[in-house]
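Written out below as structure tokens is the structure these notes cover.
The values are calculated or read from the model by the stated rules, or taken from the named source; none is laboratory data. Computed from a predicted model, the values in this text were never measured in an experiment. Methodologically, a virtual Cβ is constructed for each residue, glycine included, from the backbone with ideal geometry; neighbour enumeration extends over all protein chains shown. When the accessible area is computed, the model is the full protein with side chains, heavy atoms only, and any ligands, DNA or RNA have been set aside. Shrake-Rupley method; radii C 1.70, N 1.55, O 1.52, S 1.80 Å.
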Amino acid sequence: MKDQALRLIILEDNPDEAGLIVQELEREGFAVEWSRVDTENTFREALAGSPDLILADCNIPSFDCMAAINKARQSAIPLIIVSETADGAFVVECMRSGATDYVLKD
């Protein structure tokens, strides 16, 4: 995957946080094409571009994380939760709903 650009949707309401995620991926050698979305409409539009992966913060007031997981599952696009906290019950709920993985931002 490092030979071609990784096409990402980053579901994140903070542009700086999205930039840090991309910066870390690039530091690890990935070429990244990405778009940051923070509403259901922009998320749906970004899905139409057939991304390789969705990285999603689940603490966005304007968009329900479980809805994002369901839409990703329907589209067969892997979705990884990227969060600041590790609430065990929430992690289990996300994984059972179809999230591919769960990682902490730090």
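Worth pointing out:
- Failed item in (1) touching a Gly at 6+ places or on another chain (Cβ under 9 Å); (2) open to solvent by less than 60 Å² (accessible area, probe 1.4 Å), with R7 passing the rest: (2)
- Extreme residue, most open to solvent (accessible area, probe 1.4 Å), among residues of segment 23-53 that are part of a helix (DSSP H, G or I) and of a type in the set (K, R): R27
- Meets criteria (of a type in the set (A, V, I, L, M, F, W, C) and in contact with a Ser or Thr (Cβ under 7 Å, 6 or more places away or on another chain)) for I9: yes
- Residue within segment 54-64 that is in a helix (DSSP H, G or I), open to solvent by less than 40 Å² (accessible area, probe 1.4 Å) and under 21 Å from P15 (Cα atoms) present: no
- Verdict on I80 being closer than 21 Å to D13 by Cβ and in a strand (DSSP E or B): yes
- Selection from segment 45-70 of residues that are of a type in the set (D, E, K, R), within 17 Å of D101 (Cβ to Cβ) and touching a helix residue (DSSP H, G or I) at 6+ places or on another chain (Cβ under 9 Å): D57
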